[in-house]
Amino acid sequence: MESCFHSLNSHLFEVLNQHNENPVHSKRGRVQSPAQKLHVALYNLLESHGVTWTQDLESDFPHSWQQHGDLVVFGKDCFSSSIWKPLGDQLWSSIACSLGVERLAKQGCVLNDGLRSPNVTLLLGDHGWVEHKDNGIRYTFDLTKCMFSAGNIVEKQRIATLKCSEEIVVDLYAGIGYFTLPFLVHASAAFVHACEWNPHAVTALMRNLELNNVLQKCQIHEGDNRQLLLYNVADRVNLGLIPTSEAGYHVACRVLKKNTGGMLHIHHNVDCFLSKHEMGDDNMSAKDNGSSHRIMWRKWAESTEIKIRTFLEEIHNFSWHTTIVRVEKVKSYAPHVDHVVLDLDCRPLPKML
Ligand SMILES: C[S@@+](CC[C@H](N)C(=O)[O-])C[C@H]1O[C@@H](n2cnc3c(N)ncnc32)[C@H](O)[C@@H]1O
């Protein structure tokens with residue numbers, strides 16, 4: 001992906017003064033940023049319809065956007081004023097022209113519909129397919145149908161550094177392959193079972209496996225992973241779903257190899273708000289240096305470890321040893337909410353004779 005985040009710092013009236021009145025003296029003065037070009041195009045378009053730009057429109061103007069090749073995606077809080085309505089499609093074609101792209105879309109909130117549907121609306125163009133390259137891996141997907149999170153990049157890069165050449169991996173929430181592909185392409189996993197119930201994501205995942213020449217090393221299990229008919233196969237299980245992947249804990253324990261066990265990578269959004277009571281007076285300095293978040297991650301990790309060990313012992317009917325190897329932040333999800341990932345090592349204990 002040629003993904004750019006453009007920010008607007010300039011003031012509209014400075015832009016327009018520069019555009020309409022001031023003679024251009026320097027090369028720097030002549031070059032307009034994409035945001036300035038957009039400002040000017042919209043100002044001119046409104047003027048040609050007899051509408052005057054008001055200061056109110058500043059807050060309805062997109063202050064950042066993502067670019068995926070020839071498709072620009074605006075944030076959810078722009079172009080909601082009724083002033084744009086009479087401009088019809090002319091609005092979108094002028095914007096596209098000023099930004100030098102072919103297609104436009106607008107972001108909504110990711111829907112909590114289980115598919116993590118992106119809720120992106122196409123404003124101009126006839127399809128939402130985009131392609132981007134990340135850490136040497138090619139991904140293509142329809143961004144109006146499949147969720148894309150740029151914030152998970154650090155975790156994807158970490159997965160890419162693992163050495164999994166002897167391993168069978170189960171990716172319980174594969175999406176378009178953001179973890180499946182690094183497991184196969186860089187971590188050299190022997191085989192990945194990729195579970196996904198969004199048919200649009202399955203189509204993209206299939207294309208991505210082909211694009212990266214690893215189709216032979218992956219089986220896609222389309223449908224609800226809780227119905228997965230796999231047992232006792234995995235050296236490693238990835239549970240990459242937020243706000244929680246808890247519904248996948250039982251199936252993760254079922255697919256883990258019962259004689260050797262393996263590693264679980266468990267994602268979760270941890271609420272890090274600590275009351276004074278929870279902190280304890282002695283711990284107020286911990287709050288100051290930010291380690292209060294780590295305390296909450298640890299609490300969540302310890303309770304998750306107990307849940308997993310209980311499932312493993314119920315399913316297999318013998319004792320297991322679990323170790324919290326690592327709990328790290330993937331990204332900030334919201335104020336006081338951290339998206340974290342826990343690496344939990346799970347090993348069967350030798351049976352007592
Ligand atoms: C957050 S996305 C995963 C994307 C990828 N892990 C990433 O970081 O970009 C979660 C995926 O899990 C899928 N999913 C959620 N619940 C599922 C279930 N019970 N069975 C199969 N797939 C599921 C959703 O359709 C979605 O594509």
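We did not get these values from a lab; they are worked out from the coordinates using the rules stated. Worth saying up front: this structure is predicted, and the values here are computed from it rather than measured. Counting neighbours? That spans all protein chains shown, and the Cβs are built from the backbone with ideal geometry, glycine included.
Brief remarks on what is shown
- Residues Tyr249, Tyr178 in ascending order of nearby Cβ atoms (within 10 Å, fewest first): Tyr249, Tyr178.
- What the Cα convex hull of the stretch 126-241 gives, in volume per residue, is 94 Å³.
- Above-threshold pairs, the threshold being 22 Å between Cα atoms, out of Lys258/Lys331; Lys258/Lys307; Lys299/Lys329; Lys163/Lys307: Lys258/Lys331; Lys163/Lys307
- Residue order, fewest to most beta carbons within 10 Å, for Arg298, Arg254: Arg298, Arg254
- Of the trypsin sites (Lys or Arg not before Pro) found in the stretch 90-198, those in coil by DSSP whose Cβ has at most 13 other Cβ atoms within 10 Å are Lys163.
- In terms of other Cβ atoms within 10 Å, Val340, Val169 run from fewest to most in the order Val340, Val169.
- Of all beta bridges that DSSP places with both ends in the stretch 151-348, some 60 percent have antiparallel geometry.
- Per-peptide average of other Cβ atoms within 10 Å, ordering 185-193, 220-228 highest first: 185-193, 220-228
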